[in-house]
Amino acid sequence: GIFGRMTPGYTFARYQVAEGNRLAVEAANALADGDSWRPTPLVVHGTPGVGKSHLLQAVAWRAREQDRRVVCLSWPDFVGRFVGSLRGGEVERFKEQVRTADLLLIGALRDAATAPKSVEELSAAIDAIRSGQGAILVSAELPPKELGLPQRLVSRLEEGLIVEVQAFNSEERRRFAELSLIHISQPPRPY
């Protein structure tokens, strides 16, 4: 099952592979399929609009198809749910859901100075998931060192693979626009 929100259609089948995202897509596929070579944590970063969220969700959909336990949350959702669990006396339940995941996906990670307890929980979750042979994928606009995160979290994230996702070149952008028109005219497949 999946703990978090998913966007229908954000699958690998609908993700356009291009020169600037090829390594990120290959690494995400390996992570999604549980390959023996699977970079974890995998951190994908880049400017807004280059497909980081789509890639994160594509991994989640594939892992869901394999009946793996998936946590897929944006950083604001992670913080909100964690803080809510503290206030509601459900923190042990939250920790159990997150720390026992086969795959932890955190989107839009950014400066966490305002959420130190959430950062501690994310670090603990990363440790627990990796020790349980699970995998982690994080997306952000900047590489971990530039996010204003505590060094202990930066160190954990840098133990894996850090890949920049770059924007399409003009030919790739034209092809993407054409494919988008095709997908708009076809109803999305049920998941």
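The values are calculated or read from the model by the stated rules, or taken from the named source; none is laboratory data. Keep in mind the model is a prediction, meaning the values are calculated, not measured. Cβ placement follows ideal geometry from the backbone for every residue including glycine, while neighbour counts extend to all protein chains displayed. Side chains are part of the model used for accessible areas, which takes the heavy atoms of the whole protein and leaves out ligands, DNA and RNA. Shrake-Rupley method; radii C 1.70, N 1.55, O 1.52, S 1.80 Å.
Things to note:
- Residue check, A13 open to solvent by 10 Å² or more (accessible area, probe 1.4 Å), out of contact with any strand residue (DSSP E or B) (no Cβ under 7 Å at 6 or more places or on another chain), assigned to a helix (DSSP H, G or I) and free of Cβ contacts under 8 Å to residues at least 12 places away in the same chain: yes
- Single match in F12, F82, F3 (criterion: more than 14 Å from the chain's Cα centre (by Cα) and aromatic (F, W, Y)): F82
- Tallying residues that are open to solvent by less than 10 Å² (accessible area, probe 1.4 Å) and within 22 Å of W61 (Cα to Cα) within region 131-148 yields 7.
- For region 109-130, a residue qualifies if it is open to solvent by 10 Å² or more (accessible area, probe 1.4 Å), among the charged types (D, E, K, R) and either in a loop (DSSP other than H, G, I, E, B) or without any contact (Cβ under 8 Å) to a residue 60 or more places away in the chain (or both), and the qualifying residues are R110, D111, K117, E120, D127.
- Any hit, region 3-26, residues being in contact with a Lys or Arg (Cβ under 9 Å, 6 or more places away or on another chain) and under 17 Å from A128 (Cα atoms): yes
- Meets criteria (open to solvent by 20 Å² or more (accessible area, probe 1.4 Å), of a type in the set (S, T, N, Q), out of contact with any Phe, Trp or Tyr (no Cβ under 7 Å at 6 or more places or on another chain) and without any contact (Cβ under 8 Å) to a residue 12 or more places away in the chain) for Q151: yes
- Contact map, region 16-29: first residue surrounded by 24 or more Cβ atoms within 10 Å (Cβ to Cβ), second residue not in a helix (DSSP H, G or I), Cβ cut-off under 6 Å, separation 6 or more or different chains; pairs are N21/V165; A24/V44; A24/V163; A24/V165; A27/P39; A27/L42; A27/L161.
- Residue in region 158-168 that is assigned to a helix (DSSP H, G or I), closer than 22 Å to T47 by Cα, modelled with pLDDT of 75 or more and open to solvent by 70 Å² or more (accessible area, probe 1.4 Å) present: no
- Taking region 63-102 as the range and being touching a residue at least 24 places away in the same chain (Cβ under 8 Å), out of contact with any Leu (no Cβ under 8 Å at 6 or more places or on another chain) and of a type in the set (A, V, I, L, M) as the test, the residues that pass are V79, V83, L86, A101.
- One residue alone among R81, R5, R87, R93 is over 19 Å from F168 (Cα atoms), loosely packed, with under 15 Cβ neighbours inside 10 Å and touching a strand residue (DSSP E or B) at 6+ places or on another chain (Cβ under 8 Å), and that residue is R5.
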